[in-house]
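K.L.:
Quick one: the structure is below, questions incoming.
Derivation of every value follows stated rules applied to the coordinates shown; laboratory data play no part. As the structure is a computational prediction, the values presented were derived from the model and not from experiment. Neighbour counts run over all protein chains shown; Cβ positions are idealised from the backbone, glycine included.
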Amino acid sequence: MNDLLLILEEFGLSKNEAKAYLTLLIHGPQNSSDLAYKASIPRAKVYSVINRLVKKDLVVLINKKPIIVDAIPPMNAFDELIKHYEVLTKNVKHGIDLLEKVRIENRRSLVLDKRYNIITDDIVTT
């Protein structure tokens with residue numbers, strides 16, 4: 001279970017958000033008191049944790065009074081994260097291609113410049 005919490009934290013969740021989300025995945029819909037107890041989150045913090053998870057589209061509010069929430073399935077919940085990293089990967093690859101192009105062009109001009117200097121040195125010394 002600790003491995004799963006670490007994975008969720010790597011996805012950008014706080015420790016309490018990760019515990020709450022994982023608890024909802026395991027136990028299904030929960031009211032705020034049960035979620036706080038089962039996830040070992042202080043009751044004073046459970047509402048802010050729920051609100052952050054709702055804003056991140058990781059949980060859905062089933063009932064407002066009393067508050068009952070459920071986890072959105074991981075394949076749906078992290079779809080945006082996957083898309084974000086796909087775009088980021090594409091941008092990084094494009095940036096690397098541009099940097100490589102600059103490196104190659106500058107190396108070519110450096111080689112040409114050195115050849116030119118050698119030719120002019122020969123002419124000057126003769």
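K.L.:
For labels at Phe11 and Ile104 in the simple 7 Å Cα→Cβ model, what's the distance in nm?
P.N.:
Taking the simple label geometry, Phe11 and Ile104 are separated by 3.9 nm.
K.L.:
How many angstrom separate the Cα center of the range 41-67 from the Cα center of the range 78-104?
P.N.:
34 Å
K.L.:
Spin-label point model (7 Å from Cα, Cβ direction): what's the Leu61 to Leu88 distance in nm?
P.N.:
Placing both labels 7 Å beyond Cα along the Cβ direction yields 2.9 nm.
K.L.:
Could I ask something else about it? Pairs to check: Lys15/Lys93; Lys56/Lys90; Lys15/Lys38; Lys38/Lys83; Lys19/Lys55; Lys15/Lys56. Give those whose C-alpha atoms are more than 21 Å from each other in this structure.
P.N.:
Listed pairs above 21 Å: Lys15/Lys93; Lys56/Lys90; Lys38/Lys83.
K.L.:
Using the Cα centre of the range 2-72 as the reference point, and only Cβ charges (+1 on K/R, -1 on D/E), how large is the resulting charge dipole? Debye, rounded to the nearest 20.
P.N.:
Taking the Cα centre of the range 2-72 as origin, the dipole is about 380 debye.
K.L.:
Listing Ser32, Ser40 from the residue with the fewest other Cβ atoms within 10 Å to the one with the most, what is the order?
P.N.:
Ser40, Ser32
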